[in-house]
Amino acid sequence: MPRRYEKATYTVHPLTPTSLIGPHHQNGTPSPHGRLHPRLPPPPAGLPTRPDNLSLLGQLRWGVAHPPLDPADPTSAFYRPGAFTERTVLVTGANTGLGFEAALKIAKMGCKTLILGVRSAEKGEATRRRIVDGGGAVEDVRVLVVEMGEFASVVTAVRELKEMVPGGLDVAVLCAGVAAPKFEVGKEGWETGVMVNVLATAVMGAGVLPLVKRDGGRLVFVNSNANDLVKREWFEGSLLQAVNSPKGWDGVRRYAMTKLTGLAVMKAVARAAGDGERVVVNAVCPGMCKTELGRNYSWYERLAMGLMRPLTSRTAEAGGRSLVTAAMLEKESHGKFWHNDVLYPMHELAEDEEFMKKTWREIAEIISKVPGVDLTGFEQ
Ligand SMILES: NC(=O)c1ccc[n+]([C@@H]2O[C@H](COP(=O)([O-])OP(=O)(O)OC[C@H]3O[C@@H](n4cnc5c(N)ncnc54)[C@H](OP(=O)(O)O)[C@@H]3O)[C@@H](O)[C@H]2O)c1
């Protein structure tokens, strides 16, 4: 079955009352990328954007040739003046790669307070300097130390965040993530990718949700379209248990599986947030990008990836655009997946609500035992 873009109309929310300004594009012309501008009239039913029949390499090349629109570019259809004015924004994984680029872009767009979720105060200070030197027009940059390999650190970070922003957050972009090249079990007894991409992200998401303002707050989970690679036959029974198992370990497959599991987290947080009227929760994939994600792979694997990069990978800045746009989307994106400037169809297993809920219940059972984690309002 070819993948179809069921819902390709959407609005971009400037996070201010001026959001009610009219659509920028009403003429129905397709964008130069063959995608759809926001607020176009509904597209013809089943209109595909990226051709369905491309190989994986073809899809990656298409992604490089068609970078996302830049919400910071005044000529872009996604540009909304004042989108982040007076806003308080948290970005985790902010010291490098996509998180850094998204944080820099939001700073340049003029948010009021930017909170950098990083692993150490030193990294935070270095990132703060890079953001200010890079043209970030932000009044107040703060550092939130969070080690996603340790539950206690995430719980502490959430507590500190509460004290740091008593007025709440307007936007949270949860970007910290890993692609582990080999099976390693961390301090908490979970495989590194499961711990960081799924369990710690779940603790962070559940902890941050109550802090996100109820009048237009945004909570964005950085996911990956790699989840699309997952085949049902890769696992039996529990996805969470399978992704954590040393048996038949394969880095690429497991990364994809952590991201599919991560969608169960995003969906659970979206359900806990309500109908998207007041807080919007979504997931985003920036496409394959040149970042440090492959840093733990061997030198020859990194060399091979490096040689392929011009063909396969967007710049981190281009990928960061999608993270920022996802944080500006309206209710239509609630519980959905933003990729290549459209609300992208999710993996059939992610569309299987029972499967997603079952996966979330397994995650909730684990994180609910972590001291300081409060899952009030979440299905368990
Ligand atoms: N690059 C891509 O092609 C691509 C495509 C789709 C989705 N993504 C997703 O985008 C997100 C950002 O990745 P990236 O590509 O920008 O990679 P990156 O350059 O390696 O950045 C990853 C970020 O996550 C942080 N992080 C990793 N482990 C952590 C931990 N245990 N505790 C706290 N922070 C931790 C890193 O901090 P340190 O620097 O301190 O390790 C870094 O800030 C990830 O969720 C990734 O899955 C990436």
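Give me the pairs: first residue in segment 280-304 and in contact (Cβ under 8 Å) with a residue 24 or more places away in the chain and at negative phi, second residue within 6 Å of the ligand (Cβ to nearest atom) and of a type outside the set (A, V, I, L, M, F, W, C), beta-carbon distance under 6 Å, and six or more apart or on different chains, which are they?
From residues that are in contact (Cβ under 8 Å) with a residue 24 or more places away in the chain and at negative phi, the pairs are Cys285/Ser224; Thr291/Gly97; Glu292/Thr96; Glu292/Gly97.
Just give me the residues in segment 66-102 being surrounded by 24 or more Cβ atoms within 10 Å (Cβ to Cβ) and without any contact (Cβ under 8 Å) to a residue 40 or more places away in the chain, in sequence order.
Result: Asn95, single match.
Here is a list: Glu379, Glu330. Which entry is within 22 Å of Val158 (Cα to Cα) and modelled with pLDDT under 90?
Glu379
Quick check on my filter: what residues within segment 116-144 are of a type in the set (A, V, I, L, M, F, W, C), within 14 Å of the ligand (Cβ to nearest atom) and within 21 Å of Val220 (Cβ to Cβ)?
Leu116, Val118, Ile131, Val143, Leu144
Cβ-Cβ under 8 Å, sequence separation 6+ or interchain: first residue in segment 116-132 and polar (S, T, N, Q), partner surrounded by 16 or more Cβ atoms within 10 Å (Cβ to Cβ). Which pairs?
Ser120/Val145; Thr127/Ala94; Thr127/Asn95; Thr127/Phe100; Thr127/Ala103; Thr127/Leu116; Thr127/Val118; Thr127/Val143
I'd like to check which helices (runs of 4 or more DSSP H) are fully inside segment 199-278 and have at least 2 residues that are under 16 Å from the mean Cα position of the chain (by Cα), among the aliphatic types (A, V, I, L, M) and within 16 Å of the ligand (Cβ to nearest atom).
Here the list reads 201-208, 251-273.
Filtering segment 160-190 down to residues that are of a type in the set (D, E, K, R) and touching a helix residue (DSSP H, G or I) at 6+ places or on another chain (Cβ under 8 Å), which residue is nearest to Glu330 (Cα to Cα)?
Checked segment 160-190; the qualifying residue nearest to Glu330 (Cα to Cα) is Lys162.
Hey, could you check segment 210-223 for residues that are surrounded by fewer than 22 Cβ atoms within 10 Å (Cβ to Cβ) and not acidic (Asp, Glu) and say which is nearest to Gln241 (Cα to Cα)?
Pro210
What is the number of the single condition among (1) under 14 Å from Cys175 (Cβ atoms); (2) assigned to a loop (DSSP other than H, G, I, E, B); (3) of a type in the set (S, T, N, Q) that Thr127 does not meet?
(2) is the only condition that Thr127 fails.
The values are calculated or read from the model by the stated rules, or taken from the named source; none is laboratory data. No experiment lies behind these values; they were computed from the predicted model shown. Note that each Cβ is placed from the backbone with ideal geometry, even for glycine, and that neighbours are counted across all protein chains shown.
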